[in-house]
1. Taking 0.36 nm per residue of separation and subtracting the Cα-Cα distance, what length does fully extending S82 through R243 add?
2. Going out from 0 in 5 Å bins, what whole percent of all Cα-Cα distances in the range 95-160 drops into each bin?
3. FRET efficiency for H102 and T270, Cβ-Cβ distance as r, R0 = 41 Å, nearest 0.05?
4. Search the structure for amide H atoms under 5 Å from the amide H of R254, placed 1.01 Å from N in the peptide plane, and list their residues when 5 or more places away or on another chain.
5. What is the distance in Å between the Cα centres of the range 106-159 and the range 8-40?
6. Note down the relative contact order for the range 56-179 as a percent, whole number, built from C-alpha pairs under 8 angstrom at least six residues apart.
7. For R96, enumerate residues with amide H under 5 Å from its amide H, sequence gap 5+ or separate chain, H modeled in the peptide plane.
8. FRET efficiency for F68 and A163, Cβ-Cβ distance as r, R0 = 41 Å, nearest 0.05?
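Please treat every number below as a calculation from the coordinates, not as lab data. On a predicted model such as this, the values are computed, not experimentally measured, just so you know. All Cβ positions, even for glycine, are placed from backbone atoms using ideal geometry, and neighbour counts span all protein chains on display.
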Amino acid sequence: MDADSGVGIVVIGAGQAGLSAAYHLRRLGLDFVVLDADDAPGGAWRHRAPSLGVTDLHRIFDLPGMPFEPPASGRAATVVPSYFARYEQRFALPVRRPVRVHAVRRGHPGFVLDTDDGVWRARAVINATGTWTRPYIPVYPGAADFAGRQLHYAAYRGPDDFAGLRVIVVGGGNSAVHVLSELAGVAASTRWVTRRPPVFHDGEFTEDHGRAVIARVTERVTAGLPPRSVVSVTGLGYTSLVRAALAKGALDRRPMFDRLVPAGAVWDGTVEPADAIIWATGFRAALTHLAPLRLREPGGGIRLDGTATVREPLVHLIGYGPSASTVGANRAGRAAALALSRALTAGTTGDVTAGAAQPAAVPR
């Protein structure tokens, strides 16, 4: 398939959400392609810290049709991408990579996608670009003056770089716990700071629990507000990683500092020296390529009806808001595929029905 040829549906991204959607599109017999910016399978998992073990994970839910059977040990950054690669091969999913989508624009009919692999035209778009490429570091007083090292969790590669250093870890989620657990006994000292007291919960993170959490996040996107992360709603479960960090005494939390200064952080007028700050402060949805479609509401978010954007019903977002988790991504992938199957078969996009590829007739 040439980049300048049309296709029924373009899926952007081949992570958990994108592969789930592709599986269901394949089963429904729809004409589609998956464009993935990475040069190999695995999505964001390929870029996780090498020190993160597969047994440290909260839980990875199976992709549809093929169980995830993790080994007793191994790096998450290797094990999960290997699973994704086998999955793509087993179901012969049409993933094209590396292809970065720069912009999605309205066409007549359908949509035009400007990519570094040429121009694509599609009747519908499923966006599954996740968040990993948009790490978020909050603006904080004095941050530009701090003389030590600052990095986001996305750039964290393991504890060795922080041996003997005084480290502040900012953030209340599993990423912060991962770092704190590894730095204990390696760094000279660690200080865990969060805006709100962390909430720990007992019990397994089951699919039923996941659905309850997703329902709470859905309220915000239904109102057209930016979604809170699923992790911010779930709290911290007593995973093996959390238990290890607790056993090491690494989870002694303090409230946020007042400001940063060149030598460290200030609480109540007192400077605590620090050599490094790791911002485990989450991510934002990677949606800048959708800006030409003007999907955002006055509240700053994108209003969804199921997985469909209200302003462009043939653009679906998965891995966004309520589906920004492995269980949510699976359900959203199926929902998007079914909704587009109905819409395209009904001819709601004009003169093209599902399964019919059309020439793009779009100049480069």
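1. 55.2 nm
2. 4, 11, 16, 15, 12, 9, 10, 10, 8, 4, 1
3. Computed FRET efficiency for H102 and T270: 0.30.
4. Residues meeting the amide H criterion: W192, V193, T194.
5. Here the two parts' Cα centres lie 19 Å apart.
6. 10 percent.
7. Correct list: V34, L35, D36.
8. 0.75
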